[in-house]
Structure formats: structure tokens, C-alpha cells
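J.: Please read through the structure below; I'll follow up with questions.
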Amino acid sequence: MPDVRPLKDASLAAMTSLAPYSSTRFATDTATLAVFDPCALVHRATDDADWWSLPKDELLEVNAGNVLFVGLGSDGVYDCHIYRDPPSEVPPGSVVACIRNVIGSIYVGAGEEVPGDGMGPSTMHGGVLVPVPAGSVTVTVVRSSPTQLQVWLVPASSPPGNSFQNTLHV
């Protein structure tokens, strides 16, 4: 399990002076945050529901820029604040990746909501669909306390894609 130390209030305030664009609370029993455009994973809709639990498949899609999976270390309920302006700084331990955004909306919530087994994301059990201009999106994930996450969704000029060697955690 990662060493989780809450950011001091001043550190969090220094990262953004703006109120969140959106907030959500989600429950996960896979200890995973997922950030994605549902259209970028339509090719996985008929796979097993837990296709992404295989590290090689998870990394394949993360590195292709189709989704960002972030391990949270434990199951539970998480509060998540979402920003659409870049953070003023990216603290150590943050996860930063570039994903594709085809339809102009990004889902932020539990890993269980990733398309698979004929199902797609739902916000009935938490999570949120956030409007973001179509194109590449830089996603920054920061854990500010054991159950609180900060997520920045910022349009990017670089093409979607990443080159991670291992699964990601905060």
C-alpha cells in the first residue's frame, strides 16, 4: 500500500486557487479510480467486465491513451474534486497521463464503471461525466487525504498516449 500523507492545507491551496468545476463521491470495491471518454473504450464493451484487472491489458489501454487507471490502495468511498484549469504545481506522488477525448466528456469515478460485459459507465453509484473539449487531455491525479482525490482535466496539444512500465497508484 502506498505511503499516503495528506497534503497540508497550504500545499493544496497553492495547487489551485479556483473552486472545483465539479465534485463527486464514488464507492469502489476494486480500489481503483478510472478516468476515460466512454467512446475511447467502446472496443472493450463486449470483453469480460473485469478485463482491466489484468495488468497487461490495463497498461495496454493506459499507454494507448484510452483510459487512466489509478490504484487507490484500498476499497472504500472517495470524494473527488475535479478541475479544468491546470494545477499550479504537481506534487511528488501525483499521477499524470494523457488520454483521448472523442466526444467531449470524460468520466471520473470507480474502475468498476469501465465498459465491459455489455455495460458502460453509470453515475448511479457515484462518479461524474465532465464536459471537456474534445482532443487530448492531460489528467493529473493527486491524493490529498486517505479518502480525498483531486483530478485536473486540461486540454493538451500532445497526442494521447503514455509509456508507463507499471500500473499506477497514488
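J.: Does Val77 satisfy the criteria of being touching a strand residue (DSSP E or B) at 6+ places or on another chain (Cβ under 8 Å), within 16 Å of Ala31 (Cβ to Cβ) and either touching a residue at least 24 places away in the same chain (Cβ under 8 Å) or open to solvent by less than 20 Å² (accessible area, probe 1.4 Å) (or both)? Talk me through it step by step, then tell me what you get.
T.: On the way: touching a strand residue (DSSP E or B) at 6+ places or on another chain (Cβ under 8 Å): yes; within 16 Å of Ala31 (Cβ to Cβ): yes; either touching a residue at least 24 places away in the same chain (Cβ under 8 Å) or open to solvent by less than 20 Å² (accessible area, probe 1.4 Å) (or both): yes.
For Val77, the condition - touching a strand residue (DSSP E or B) at 6+ places or on another chain (Cβ under 8 Å), within 16 Å of Ala31 (Cβ to Cβ) and either touching a residue at least 24 places away in the same chain (Cβ under 8 Å) or open to solvent by less than 20 Å² (accessible area, probe 1.4 Å) (or both) - is met.
J.: Then there is this: So for the stretch 14-23 (the condition being surrounded by 20 or more Cβ atoms within 10 Å (Cβ to Cβ) and modelled with pLDDT under 95), does at least one residue qualify? Let's see the steps before the verdict.
T.: So the first thing to find is which residues in the stretch 14-23 are surrounded by 20 or more Cβ atoms within 10 Å (Cβ to Cβ), and the list is 15.
Now narrow it down to the ones that are modelled with pLDDT under 95: 15.
Yes, some residue in the stretch 14-23 is surrounded by 20 or more Cβ atoms within 10 Å (Cβ to Cβ) and modelled with pLDDT under 95.
J.: May I ask you to verify whether Val96 is crowded, with 18+ Cβ neighbours inside 10 Å, under 12 Å from the mean Cα position of the chain (by Cα) and outside any loop (DSSP other than H, G, I, E, B)?
T.: no
J.: Condition test on Glu61, is it more than 17 Å from Gly126 (Cβ to Cβ), open to solvent by less than 50 Å² (accessible area, probe 1.4 Å) and either within 15 Å of the chain's Cα centre (by Cα) or of a type in the set (D, E, K, R) (or both)?
T.: Here the answer is yes, as Glu61 does meet what is asked.
J.: Looking at the stretch 65-83, is at least one residue of a type in the set (A, V, I, L, M, F, W, C), modelled with pLDDT of 90 or more and not in a strand (DSSP E or B)?
T.: First, pick out the residues of the stretch 65-83 that are of a type in the set (A, V, I, L, M, F, W, C): 67-70, 72, 77, 80, 82.
Applying the additional criterion that residues be modelled with pLDDT of 90 or more yields 67-70, 72, 77, 80, 82.
Imposing the further condition that a residue be not in a strand (DSSP E or B) reduces the set to 67, 72.
Yes, there is a match, as at least one residue in the stretch 65-83 is of a type in the set (A, V, I, L, M, F, W, C), modelled with pLDDT of 90 or more and not in a strand (DSSP E or B).
J.: Kindly indicate whether any position in the stretch 148-163 is without any contact (Cβ under 8 Å) to a residue 24 or more places away in the chain, open to solvent by 30 Å² or more (accessible area, probe 1.4 Å) and either in contact with a Lys or Arg (Cβ under 8 Å, 6 or more places away or on another chain) or hydroxyl-bearing (Ser, Thr, Tyr) (or both).
T.: Yes: the stretch 148-163 contains one or more residues that are without any contact (Cβ under 8 Å) to a residue 24 or more places away in the chain, open to solvent by 30 Å² or more (accessible area, probe 1.4 Å) and either in contact with a Lys or Arg (Cβ under 8 Å, 6 or more places away or on another chain) or hydroxyl-bearing (Ser, Thr, Tyr) (or both).
J.: Also: For Ser122, all conditions in the list (1) surrounded by 19 or more Cβ atoms within 10 Å (Cβ to Cβ); (2) without any contact (Cβ under 8 Å) to a residue 60 or more places away in the chain hold save one; what is the number of the exception?
T.: Result: Ser122 fails condition (1) only.
The values are calculated or read from the model by the stated rules, or taken from the named source; none is laboratory data. For clarity, every value in this text was computed on a predicted model and none was experimentally measured. Neighbour counts run over all protein chains shown; Cβ positions are idealised from the backbone, glycine included. Side chains are part of the model used for accessible areas, which takes the heavy atoms of the whole protein and leaves out ligands, DNA and RNA. Shrake-Rupley method; radii C 1.70, N 1.55, O 1.52, S 1.80 Å.
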